[in-house]
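Data first, discussion second: the structure below is written as structure tokens.
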Amino acid sequence: MSLKKLSVFQRFGFWISSTETKFKWALLLPTIILLAIITVYPTIYAFNLSLSDYNLARAADTLKGYIGLDNFRNILKDPTFWSSLRTTITFTVVVVVVEFFLGLCIALILQGTVTGSRIVRTFILLPMIMAPIVVGLTWTYLYQSEFGLVTFILRKLHLMSYATAPLADITSALPALMVVDIWQWTPFLIMVLLAGLEALPTAPYEAARIDKASPFLVFRKITLPLLQPVILIVLVLRIMDAIRVFDIVYALTEGGPGEATDVLSMFIYRNAFYLWGIGKASAISFILLYIIMIVSVILVNLLSRAKQTV
């Protein structure tokens, strides 16, 4: 009798569980459909465009024609594409490394700080919450040739000639953009890494204190291994964001002077809206997407390994 009752209860529990699962899927379904409409369809349409010679500058009867992978072949033969790719990689590597180093150092300094910590954290967040166009306009004035504060300081330190300005010189334009990105997004790394540091368990640190381990040894043997998952997550987010940087480049230099700051996103924009080559621009977009996917897969695999070792 008890076995029959147990079987009935088990079946009833399974029915409840199944009903709850169906209910959850019913709630999720509208969102999934909406995401499919606004992401999957445009992606398929953009891929279809990348296989065509779609150009808005042509007559209406020759707007679109299927050319297979010719756009991709032509892009890979284009020296401007490789120049943009090198600029993008250089920009990404430099800003992410500097932002991570500064973010970790400042987070370690702020860890455990009580006096004025809320005010300090509020001020740290200000650059990150500013709109990109506001950031661009602000730094445009700071880099201005005649009365820009940064330009004035660089000239007084004899780091720049009076005949040029940071955004007007081929050698200084990209570093100038890097400074803006570092200023804007280092706060993001500070906040995430600080949250990760404050969430670390205290037991290993108490054991290290009893053993009289040096601060450097504690950082290398305890803090870094425990913080590794957080570090990889923040690096994934920043690398993906830096690879597709567009707003500050467009606001400050529009890819110039020459091709000094011509990142891939700017290269796509110029082909689409200056040259009207929608097909070619779509193909470049997919190449950029493939690059981001490859980097993301590598970093996610590293993240999964880090979680297993912690």
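The values are calculated or read from the model by the stated rules, or taken from the named source; none is laboratory data. Quick caveat, the model's predicted, so the values are computed rather than measured. With ideal geometry, Cβ positions are generated from the backbone for all residues, glycine too; neighbour counts draw on all protein chains shown.
Quick check, is Ser296 of a type in the set (Gly, Ala, Ser), touching a residue at least 12 places away in the same chain (Cβ under 8 Å), crowded, with 17+ Cβ neighbours inside 10 Å and closer than 30 Å to Thr80 by Cα? Considered against the rule, which asks whether it is of a type in the set (Gly, Ala, Ser), touching a residue at least 12 places away in the same chain (Cβ under 8 Å), crowded, with 17+ Cβ neighbours inside 10 Å and closer than 30 Å to Thr80 by Cα, Ser296 comes out as no.
Taken as a whole, the structure places Pro225 among residues that are surrounded by fewer than 18 Cβ atoms within 10 Å (Cβ to Cβ) and in contact (Cβ under 8 Å) with a residue 40 or more places away in the chain.
Looking across the stretch 138-162 at every residue that is within 18 Å of Ile182 (Cβ to Cβ) and among the aliphatic types (A, V, I, L, M), the one that is modelled with the lowest pLDDT is identified as Leu159. Kindly indicate whether Ala242 is small (Gly, Ala, Ser), closer than 21 Å to Val93 by Cα and touching a helix residue (DSSP H, G or I) at 6+ places or on another chain (Cβ under 9 Å). Criteria met by Ala242. Residues that are charged (D, E, K, R) and either under 17 Å from the mean Cα position of the chain (by Cα) or within 13 Å of Leu288 (Cα to Cα) (or both) within the stretch 236-263 comprise Arg238, Asp241, Arg244, Asp247, listed in sequence order. The sole residue among Ile75, Ile67, Ile124 that is surrounded by 14 or more Cβ atoms within 10 Å (Cβ to Cβ), touching an Asp or Glu at 6+ places or on another chain (Cβ under 6 Å) and not polar (S, T, N, Q) is Ile67.
Does any residue of the stretch 17-38 turn out to be under 26 Å from Ile291 (Cβ atoms), of a type in the set (S, T, N, Q) and either modelled with pLDDT of 70 or more or not in a strand (DSSP E or B) (or both)? Within the stretch 17-38, not a single residue is under 26 Å from Ile291 (Cβ atoms), of a type in the set (S, T, N, Q) and either modelled with pLDDT of 70 or more or not in a strand (DSSP E or B) (or both).
For the stretch 269-292, filtered to residues that are buried (at least 22 other Cβ atoms within 10 Å of the Cβ) and without any contact (Cβ under 8 Å) to a residue 40 or more places away in the chain, the residue that is farthest from Arg244 (Cα to Cα) is Asn271. On the given criteria, is Leu177 surrounded by fewer than 18 Cβ atoms within 10 Å (Cβ to Cβ) and out of contact with any strand residue (DSSP E or B) (no Cβ under 9 Å at 6 or more places or on another chain)? When the stated conditions are applied, Leu177 does not pass them. Just wondering, is there one or more residues in the stretch 104-125 that are part of a helix (DSSP H, G or I), at pLDDT 85 or above and within 13 Å of Asp181 (Cα to Cα)? Scanning the stretch 104-125, I find no residue that is part of a helix (DSSP H, G or I), at pLDDT 85 or above and within 13 Å of Asp181 (Cα to Cα), so the answer is no.
Of the helices (runs of 4 or more DSSP H) lying entirely inside the stretch 154-260, those containing at least 3 residues that are within 30 Å of Thr140 (Cβ to Cβ) are 170-198, 224-243, 247-252.
So, Ala283, is that one assigned to a helix (DSSP H, G or I), over 30 Å from Ala165 (Cα atoms) and modelled with pLDDT of 90 or more or not? When the stated conditions are applied, Ala283 passes them.
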